[in-house]
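**Q** Below is one structure. I have some questions about it.
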Amino acid sequence: MAKIIDGRAVSLKVKDSVKNEIAENKLDVSLAVVIVGDNSASRIYVNNKKKACEYCGIISHEYALPESTSEDELLQLVEALNNDDKINGILVQLPLPKHINENRIIERISPIKDVDAFHAENVGKIMIGNYSFLPCTPAGVMELIHSTGVLVKGKECVVIGRSNIVGKPMAMLLLHEDATVTICHSKTENLAEVCSRADVLVSAVGIAEFVKPEMVKQGAVVIDVGMNRNADGKLCGDVCFDEVEKKASFITPVPGGVGPMTIAMLMKNTLMARKIQK
Ligand code: NAP
C-alpha cells in the first residue's frame, strides 16, 4: 500500500520558510494578481493565492477586470505594473477570455516579475539550467518527490502531458536531476507499456480515471497533477487512486497533493522576484 504524499504539509513548510524570511528581514514583498472575467475556477484559484499571500506576509493587489476588457487595455495594465517599483510579481490568471491572445500578454510581463515563469526568456533559462524562477506546478512536484526521499537520478521517469506550463517544464526539471525522462502525449503509441516502465510517473492530462493500475509499475512514485471533476461533480485527479494506491510506493491525493504546492511555489517565486529586483 502506498504512502500518501501530503501536499498540504509540504506546502506549509515552503510557505513557512517564505514567511520567516520575509518577517526576519522585514521585507516589503508584493504580488499583483490580475483576473479577467468571471471564470468560477479562476476566482477560487485567485482567492487561494490571496490567502497564501496573507499567510506569508506578501501584500497582494487584485485587479479584477470585466470580461469585456480589450487586449490593449490588459497590455496597458501589465505595462503599468512592470513600471511600478512597489510591485514585485505579476500574475495574470489563465485562461483569459478568447478575444485576448494569452501569449501576447505573457510576453509583455517583465521577465523579472514573471512569477509564473511562463515568459519565453524564463522558459529558455530553465532549458539551460540557469534560472531565477521555476514554473510553480512542476517545481511543486519536484518538492513532493524530494519529500519522499526517492532520488530520481538514473531512474525512469515518465511524464504524461506536454503542455508548456506543466508537462514540458516537468520533464526538464526531472532531467536536471539526472532522471531518464520520457514525455507521453495523445499520439504516444503503447502508452500503458511506456508508463508501466516508470519508477516515477507524473500525470498531467486532465482526464479523470486516466491512469489505470496496469499502467503503473509495482513500487512506483505516482504524482497526479490532474484536476478534474468526476461523474458526481467531485474534484479528482487523473489517477484511479484506490487501485493505484495498492501498487505504488508513494502517491499524491487530489485534492491535497500538487494543488497546494503550486500556490506555495508562487509565494517562493514572489519572494525571489523581490530579491532579484533589489
Ligand atoms: P493541457 O494543456 O490540456 O495538456 C494536456 C496534455 O495531456 C496534452 O499534452 C495532451 O496531449 C495530453 N493528453 C490528452 N489526452 C491524452 C491521451 N489520451 N493520452 C495521452 N496524453 C493525452 O493541460 P495542462 O494545462 O498541462 O493541465 C493538465 C492537468 O493538470 C489538468 O487537469 C489541469 O487542470 C491540471 N493542472 C493542475 C495544476 C495544479 O496546481 N494542481 C496546475 C496546472 C494544471 P497532446 O499535446 O498530444 O494534445
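**Q** Work out how much length residue 62 to residue 101 would gain on full extension: take 0.36 nm times their residue separation and subtract the Cα-Cα distance, in nm to one decimal.
**A** 12.0 nm
**Q** Only four residue types carry charge here, +1 at the Cβ of Lys and Arg and -1 at the Cβ of Asp and Glu. Report the dipole size of the stretch 26-112 about the Cα centre in Debye, rounded to the nearest 20.
**A** About 380 debye.
**Q** Shifting gears a bit: Among 14, 171, 34, whose Cα lies farthest out toward the positive end of the dipole of the chain, if unit charges sit on the beta carbon of Lys, Arg (+1) and Asp, Glu (-1)?
**A** Looking along the dipole axis, the top candidate is 14.
**Q** Nothing charged except the Cβ atoms of Lys and Arg (+1) and of Asp and Glu (-1): what's the magnitude of the dipole of the stretch 136-259 about its Cα centre? Round to the nearest 20 debye.
**A** Dipole size: approximately 180 debye.
**Q** Given R₀ = 30 Å, what would the calculated FRET efficiency be for residue 177 paired with residue 1, taking r from the Cβ atoms and rounding to 0.05?
**A** 0.65
**Q** Do any of 187/212; 15/278; 51/113; 19/168; 113/278; 51/247 go past 24 Å between their Cα atoms, and which?
**A** 19/168; 51/247
**Q** Of the GluC sites (Glu not before Pro) in the stretch 1-68, which ones lie in a loop per DSSP and count no more than 16 other C-beta atoms within 10 Å?
**A** For GluC sites (Glu not before Pro) across the stretch 1-68 that sit outside H, G, I, E and B with at most 16 neighbouring Cβ atoms in 10 Å, the list reads 67.
**Q** Given the rule -39500 (n - 2.57) for each run of at least 4 DSSP H residues, summed and divided by the residues of the chain, what is its mean residue ellipticity at 222 nm, to the nearest 500 deg cm²/dmol?
**A** Estimated from H runs of four or more residues: -12500 deg cm²/dmol.
**Q** Ignoring any ligand, DNA or RNA, what whole percent of the accessible area of the chain comes from carbon and sulfur when the probe is 1.4 angstrom?
**A** Roughly 52 percent of what the probe reaches on the chain is carbon or sulfur.
**Q** Something else: List the pair-distance distribution P(r) of the chain, using every Cα-Cα distance, as the percent of pairs falling in each 5 Å bin from 0 up to the bin containing the longest distance, rounded to whole percents.
**A** Going from the shortest bin to the longest, the percentages are 1, 6, 12, 16, 18, 16, 13, 9, 5, 2, 0.
**Q** Now for a separate question. If you take all C-alpha pairs in the stretch 159-250, what percent of them are over 19 Å apart?
**A** Result: 35 percent of Cα pairs exceed 19 Å.
**Q** What number, in percent, do you get for the relative contact order of the stretch 1-150 if the mean sequence gap of Cα pairs under 8 Å and at least 6 apart is divided by its residue count?
**A** Once normalised by length, the contact order is 23 percent.
The values are calculated or read from the model by the stated rules, or taken from the named source; none is laboratory data. Fair warning: this is a prediction, and the values are worked out from it, not measured in the lab. Every residue, glycine as well, gets a Cβ built from its backbone with ideal geometry; the counts of neighbours run over all protein chains shown. To get the accessible areas, we keep the full protein, side chains included, count just its heavy atoms, and leave off ligands, DNA and RNA. Shrake-Rupley method; radii C 1.70, N 1.55, O 1.52, S 1.80 Å.
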